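Okay, handing you the structure first.
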Amino acid sequence: MLKEFFWMCSGADTDLLSECPKSEQIKFAGIGGTVFFTAVMAFIAAGYALYTVFDNVFVAMAFGLVWGLLIFNLDRFIVSSIKKREDKMDELLQAAPRLILALIIAVVISKPLELKIFEKEIDRVLLEQKNEMTLENQAQVGLIFEQEEIALQRELENIDTSVLTKEAEVNALYDVFITEAEGTAGSGLLGKGPVYQEKRDKHDAALTELAALKANAAEMKGGIGEELAMLEEKEKTHLAETQPIIDGFDGLMARVTALGELPWMPSFFIFLLFLAIETSPILAKLLSPRGEYDMRYADAEDKVNVWAMQKIQQRKAMLAADKTLNKKVYTSIENEEETYHYKKQQARALIRFQTDEYVEEQMGVAKS
């Protein structure tokens, strides 16, 4: 049962193969087994690759099964379409396009399995890339809100500067009226005279202005602080919204790119392994000598070809004979006097009929 299944996988004619020696049967069973297990590997590879895309086991298995069947059908066609010939160069030319197709299939099958084999190393590379992307994202988001934050910080600095300037002015006025009272400056008179009182009033007015300025500054700084807090909250929200995109950066293309950053030799040897597996049925047919199955198959094809050629020749001969007979028949009829008179009589009757019809039509037009 298993042997017949592998025969079917090899694309061989099971009826012919059952009449061949065991060596031929074993050879085609091996070729069919290679085709089958290549399709199984294609199913696994495609299933894993699509799982990284859809993150759903059932969807990945369904698409993987379709892909495995497609690869199975392609491999079976490739192997079954290679026919053994007497000229090895003809065989090689016949197999060249199929070898190129096998190369493409090997690349498609090996790449997802490489991603699975080097999964831990790829995860490390992806983690480094995610960390770099996170830092870059933080820097970019910071640049978005940087100008507003700088403007608000400048406003705070201007408020503090104005308060400090007013405090310096108040302190200077304080020193003026104190020195006036001591008589060490101003009018030089000791005591609290009119000049002292005038300077004291200026200080008190400035002090009142300073108190009002501080109250206004505190209110303005509170509003600016709220705006800064809102900007900081917006920045955190923006980072929180963009971070999941970075965290989800582990799709198929990202993993293939990360695989490219790993040493190439292990990946290359895995590719060579699958290339050998994929091309082994073709190479087996090319390298193996022409066996009894190939002779029987060629004989069956020759029978069909000869039968088809015979049918074509028969149809051509019948057509040529029919042409010759028709020529003789019509040539003979052309020279018969009876046929001439009959044709003349029919033509005369047709002309009379057409004339009568025309006259009746014209009379009807005249009456109307």
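The values are calculated or read from the model by the stated rules, or taken from the named source; none is laboratory data. Everything numeric here is computed off the predicted structure, so don't read it as measured data. Every residue, glycine as well, gets a Cβ built from its backbone with ideal geometry; the counts of neighbours run over all protein chains shown.
So A62 passes all but one of these: (1) over 30 Å from P244 (Cα atoms); (2) under 24 Å from the mean Cα position of the chain (by Cα). Which condition number does it fail?
(1)
Within segment 34-80, work out how many residues are within 13 Å of I282 (Cα to Cα) and free of Cβ contacts under 8 Å to residues at least 40 places away in the same chain.
Going through segment 34-80 one residue at a time, the tally reaches 1.
Restricting to segment 1-30, and then to whatever is among the aliphatic types (A, V, I, L, M) and more than 18 Å from V79 (Cα to Cα), can you tell me which residue is farthest from the chain's Cα centre (by Cα)?
If we take residues in segment 1-30 being among the aliphatic types (A, V, I, L, M) and more than 18 Å from V79 (Cα to Cα), then M1 is farthest from the chain's Cα centre (by Cα).
So is A12 in the same structural domain as S81 (by TED's automatic domain parsing) and either on the phi > 0 side of the Ramachandran plot or in a loop (DSSP other than H, G, I, E, B) (or both) or not?
Yes: the conditions hold for A12.
Between residues in segment 128-155 that are within 17 Å of E232 (Cα to Cα) and residues that are of a type in the set (S, T, N, Q), which pairs lie under 7 Å by C-beta distance while being six or more apart or on different chains?
Listed by first residue and then by second, the contacts come to N137/T242.
Is it true that some residue in segment 123-139 is outside any helix (DSSP H, G or I), surrounded by 15 or more Cβ atoms within 10 Å (Cβ to Cβ) and not small (G, A, S)?
Scanning segment 123-139 turns up no residue that is outside any helix (DSSP H, G or I), surrounded by 15 or more Cβ atoms within 10 Å (Cβ to Cβ) and not small (G, A, S).
Here are K202, K192, K221: which of them is at pLDDT below 80, among the basic types (K, R) and not in a helix (DSSP H, G or I)?
Result of the check over K202, K192, K221: K192.
Now for a separate question. Out of T237, T257, report the one residue that is under 19 Å from P112 (Cβ atoms) and surrounded by 10 or more Cβ atoms within 10 Å (Cβ to Cβ).
T257
Count, please, the residues in segment 13-27 that happen to be modelled with pLDDT of 80 or more and among the aliphatic types (A, V, I, L, M).
Selection size over segment 13-27: 1.
Of everything in segment 6-23, what is in contact with a Gly (Cβ under 9 Å, 6 or more places away or on another chain), surrounded by 13 or more Cβ atoms within 10 Å (Cβ to Cβ) and closer than 23 Å to F37 by Cα? Give them in sequence order.
Answer for segment 6-23, where residues must be in contact with a Gly (Cβ under 9 Å, 6 or more places away or on another chain), surrounded by 13 or more Cβ atoms within 10 Å (Cβ to Cβ) and closer than 23 Å to F37 by Cα: F6, W7, M8, C9, S10, G11, A12.
Something else: With within 29 Å of F72 (Cα to Cα) and out of contact with any Gly (no Cβ under 6 Å at 6 or more places or on another chain) as the only criterion, which of V108, V141, V125 stands out?
Going through V108, V141, V125 in turn, just one is within 29 Å of F72 (Cα to Cα) and out of contact with any Gly (no Cβ under 6 Å at 6 or more places or on another chain): V108.
Follow-up question, since we're still on this one. Quick check on segment 325-345: of everything there that is surrounded by 10 or more Cβ atoms within 10 Å (Cβ to Cβ) and among the polar types (S, T, N, Q), which residue is modelled with the highest pLDDT?
Here the answer is Q345.
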